[in-house]
1. What pairs come up if the first residue lies in the range 65-78 and is under 17 Å from P53 (Cβ atoms), the second is charged (D, E, K, R) and at pLDDT 55 or above, and their beta carbons are under 7 Å apart, counting only those six or more places apart or on different chains?
2. Would a scan of the range 28-35 turn up a residue that is at pLDDT 95 or above, outside any loop (DSSP other than H, G, I, E, B) and under 16 Å from L69 (Cβ atoms)?
Amino acid sequence: MTRRRSEPAGLTVNPIACQAHGMCIELLPELITADPWGYPLIAPGPVPAQLLPLARRAVGACPTMALLLSSPGRHPERDSATAR
Ligand code: SF4
């Protein structure tokens, strides 16, 4: 199955891999805030098109590769594994 460009992308965090570095929160405060322990809370819903470049930058900056960008109906971990 190939990804269709018209599908909106969504952000997810792998809670096992996340170590609360906070990089994503600094890079994408429009969509990611911190919980009381510094772990990211992602705004629900698709990433607005104008924020996709910043979302991709936040995904790339995550030191533990815990932040994932995927499309609905797809498996984020599997998507990220095949994208590398
Ligand atoms: S940058 Fe990665 S490890 Fe750090 S808080 Fe965000 S998801 Fe977690």
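The values are calculated or read from the model by the stated rules, or taken from the named source; none is laboratory data. Every value quoted in this text rests on a predicted model; they were computed, and no experiment measured them. Here the Cβ is made from the backbone with ideal geometry for all residues, glycine too, and neighbour counts use every protein chain on show.
1. Between residues of the range 65-78 that are under 17 Å from P53 (Cβ atoms) and residues that are charged (D, E, K, R) and at pLDDT 55 or above, the close pairs are L69/R56; S71/E7.
2. First pass over the range 28-35, keeping only residues at pLDDT 95 or above: 28-35.
Now drop any that are not outside any loop (DSSP other than H, G, I, E, B), which leaves 32-34.
Going one step further and asking which of them are under 16 Å from L69 (Cβ atoms), we end up with 32.
Yes: one or more hits.
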